[in-house]
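Comments concern the structure below.
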Amino acid sequence: QVQLVESGGGLVQAGGSLRLSCAASGRTSSIYHMGWFRQGPGKEREFVAAISRRGGTTYYADSVKGRFTISRDNAKNTVYLQMNSLKPEETANYYCAATRRSDYATLQEYEYWGQGTQVTVSS
């Protein structure tokens, strides 16, 4: 198993930036593909970005392409989500997740989840 702890959320103005971090512990995190998801008020949890276990492949939701960047440092067992040009509608709880399954751009394929970090974007 792997345990995930997110950090870096907070309050930011529209157009601003935040960098989220996800620290993994337990089994070696490099065996897992990692993803970021978000769930806004009254909305379903949705896919944001994912990265392969060695970082060579990334996927993004269309809504964040060109503004968000996912990366990982396996030596530090940490995954990051750099978020630029944030919009008020992106206010949500952001979750980090891990999976060994190959379809790691799909929410349902994720096995382990963090508790989330709140991001609030003011207009």
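The values are calculated or read from the model by the stated rules, or taken from the named source; none is laboratory data. Computed from a predicted structure; not experimentally measured. Don't worry about glycine lacking a Cβ; one is built from the backbone with ideal geometry, like all the others, and counts go over all protein chains shown. Protein only, heavy atoms only, side chains kept; ligands, DNA and RNA dropped before computing areas. Shrake-Rupley method; radii C 1.70, N 1.55, O 1.52, S 1.80 Å.
Per residue, the accessible area of the chain comes to 50 Å², computed with a 1.4 Å probe over protein heavy atoms only. Counted by Cβ distance under 14 Å from ASN84, the other residues give a net charge of +3, where Lys and Arg count +1 and Asp and Glu count -1.
For region 41-70 and region 1-40, what is the separation of their C-alpha centers, rounded to whole Å? Using only Cα atoms to place each centre, the spacing works out to 11 Å.
Over all Cα atoms in the chain, the spread is summed up by Rg and Dmax: 13.3, 41 Å. Taking the charge dipole of the chain about its Cα centre, with +1 at Lys and Arg Cβ atoms and -1 at Asp and Glu Cβ atoms, the residue from THR28, ALA50, GLN3 reaching farthest to the positive side is THR28. Rounded to the nearest 20 debye, the dipole size of region 7-88 about its Cα centre is 120 debye, using +1 on the Cβ of Lys and Arg and -1 on the Cβ of Asp and Glu. For the chain, the relative contact order is 36 percent, taking Cα pairs closer than 8 Å that sit 6 or more residues apart in sequence and dividing their mean separation by the residue count.
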